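The values are calculated or read from the model by the stated rules, or taken from the named source; none is laboratory data. If you're wondering where the values come from, they're calculated on a predicted model, not measured in any experiment. Positions of Cβ are generated from backbone atoms using ideal geometry, with glycine treated the same way; all protein chains shown enter the neighbour counts. Note: areas computed on protein heavy atoms with side chains; ligands, DNA, RNA excluded. Shrake-Rupley method; radii C 1.70, N 1.55, O 1.52, S 1.80 Å.
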Amino acid sequence: GTSGGGKSTLTKLVGRFYDPTDGEITLDGVPLKELSLSQLREEIGYVFQETYLFGTTIRENIRFGKPLASDEEIERAAKAAYAHEFIIQTKDGYETHVGERGIKLSGGQKQRIAIARLFLKDPAIIVLDEATASLDNTSEKAVQDALDALLAGRTTLTVAHRLSSIQHYDLVIVLDQGCVAEMGTYDELIAQKGLLYQLAEGESAYE
């Protein structure tokens, strides 16, 4: 959907940052309100457009996903997130400090650290909110490879800015002014020549 259509609000409803005023959201048939916030949020992992890194080491930033994780688990998560190679090339490797007092990582490197956190946390549900929107093409490819590995076998809710990233999804929902305007597979919605088709045509013209 277009900006302001309700996409990010929908992701916040899933995490119960808001509760719906009408109807209900269920997880495997269980209303979210019947789950404790800690129980629900323990099973959800987020990747946002902007990744927040703490002013500590790369190792501790990844460990944030699982505070008692061993160094071996952290490195395994980093490798799964395609982050290990660039980490070991930094001045102090996993002990390199990031944030205001340390080196400045690129947007793609920050995103892969965030994805490594999620590999470590191992949540059942992943929410991606325009996770690659601010990346250049080279960084986006590396991050997309990491995401493809992370998302396998998990329930994933994605807010996408590039329609190519959702072509293989099981279900595509088009939001318009806070309402569901279209719903189906990517190919079905393109064939309808409705809103998704118009968005895809606009994207092609822009490119």
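I'd like to know if the stretch 67-75 contains one or more residues that are over 22 Å from the mean Cα position of the chain (by Cα), of a type in the set (Ser, Thr, Tyr) and either in a helix (DSSP H, G or I) or modelled with pLDDT of 90 or more (or both).
Looking for residues that are over 22 Å from the mean Cα position of the chain (by Cα), of a type in the set (Ser, Thr, Tyr) and either in a helix (DSSP H, G or I) or modelled with pLDDT of 90 or more (or both), one finds at least one in the stretch 67-75, hence yes.
Go through the stretch 5-41 and give me each residue that's in a strand (DSSP E or B) and either at pLDDT 90 or above or over 25 Å from Gly65 (Cα atoms) (or both).
Matches in the stretch 5-41: Thr26, Val30, Pro31.
Within the stretch 145-165, can you find the residues that are open to solvent by less than 70 Å² (accessible area, probe 1.4 Å), more than 20 Å from Leu120 (Cβ to Cβ) and not basic (Lys, Arg)?
Leu157, Thr158, Val159, Ala160, His161, Leu163, Ser165
Looking at (1) in contact with a strand residue (DSSP E or B) (Cβ under 7 Å, 6 or more places away or on another chain); (2) open to solvent by less than 40 Å² (accessible area, probe 1.4 Å); (3) in a helix (DSSP H, G or I); (4) closer than 26 Å to Glu130 by Cβ, which is the only condition Tyr94 fails?
If we test Tyr94 against (1) in contact with a strand residue (DSSP E or B) (Cβ under 7 Å, 6 or more places away or on another chain); (2) open to solvent by less than 40 Å² (accessible area, probe 1.4 Å); (3) in a helix (DSSP H, G or I); (4) closer than 26 Å to Glu130 by Cβ, just (4) comes out false.
Let me spell it out: the conditions are (1) polar (S, T, N, Q); (2) out of contact with any His (no Cβ under 8 Å at 6 or more places or on another chain); (3) closer than 27 Å to Tyr82 by Cβ, and Thr132 meets all of them except one. Which number is the exception?
(2)
Determine whether Val127 is of a type in the set (Val, Ile, Thr), buried (at least 18 other Cβ atoms within 10 Å of the Cβ), under 16 Å from the mean Cα position of the chain (by Cα) and over 14 Å from Asn61 (Cβ atoms).
Yes.
Given Leu10, Leu32, which one is open to solvent by less than 80 Å² (accessible area, probe 1.4 Å), of a type outside the set (Lys, Arg), without any contact (Cβ under 8 Å) to a residue 40 or more places away in the chain and over 26 Å from Thr138 (Cβ atoms)?
Leu32
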